[in-house]
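Asker: I'd like to ask some things about the structure below.
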Amino acid sequence: MTTASTEQPETAKPTRRLLGVELLTVLGLSLGASGIGALISFTGSLTETLKLGQQVATLNASRAPGRPWLDLAWQLYYVARGLMPVVLVRTPSWRRSSSSATCSPPPRWSPRPARSSR
């Protein structure tokens with residue numbers, strides 16, 4: 001009978017500074033990108049010929065009126081783009097380990113203790 005090895009590959013522990021840089025990168029990518037987009041949009045509103053109080057904004061407008069499949073494609077694109085910071089968060093663990101074992105339970109993990117065969 002063979003037994004499966006439960007040893008995890010040894011990986012170097014990231015330094016506190018590296019973790020801080022990765023965290024700031026994720027925050028900058030998600031929050032910073034949103035802030036820059038809002039600033040550009042606000043600048044566009046201020047420089048428009050109409051006064052700011054006379055301008056109209058449409059919330060949740062269709063990206064492709066009358067074309068629901070194209071609108072769905074745009075919406076899925078924006079959802080996927082919003083998930084890119086999640087991929088960036090996962091990237092450092094891919095770098096440290098070639099397998100996804102660092103983010104999953106051990107191979108013989110069970111939520112209940114194993115029963116004895118006595």
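The values are calculated or read from the model by the stated rules, or taken from the named source; none is laboratory data. The model shown is predicted, which means the values in this text are computed figures rather than measured ones. Because the Cβ atoms are built from the backbone with ideal geometry, glycine has one as well, and the counts that use them run over all protein chains shown.
Asker: Give the number of residues within segment 17-59 that are part of a loop (DSSP other than H, G, I, E, B) and surrounded by 10 or more Cβ atoms within 10 Å (Cβ to Cβ). Reasoning before the result, please.
Answerer: At the first step, the residues of segment 17-59 found to be part of a loop (DSSP other than H, G, I, E, B) are 47-51, 55-59.
Now drop any that are not surrounded by 10 or more Cβ atoms within 10 Å (Cβ to Cβ), which leaves 48, 55.
Total satisfying the criteria: 2.
Asker: Tell me which of these residue 94 doesn't satisfy, since it passes every other one: (1) assigned to a loop (DSSP other than H, G, I, E, B); (2) surrounded by 10 or more Cβ atoms within 10 Å (Cβ to Cβ); (3) at pLDDT below 75.
Answerer: So residue 94 meets the others, but not (1).
Asker: Which of the residues belonging to segment 60-82 are of a type outside the set (A, V, I, L, M), part of a loop (DSSP other than H, G, I, E, B), surrounded by 13 or more Cβ atoms within 10 Å (Cβ to Cβ) and at pLDDT 85 or above?
Answerer: Keep residues of segment 60-82 that are of a type outside the set (A, V, I, L, M), which gives 60, 62-63, 65-69, 71, 74-75, 77-78, 81-82.
Applying the additional criterion that residues be part of a loop (DSSP other than H, G, I, E, B) yields 60, 62-63, 65-67.
Those still in the list that are surrounded by 13 or more Cβ atoms within 10 Å (Cβ to Cβ) too: 62-63.
Across segment 60-82, the qualifying residue is only 62.
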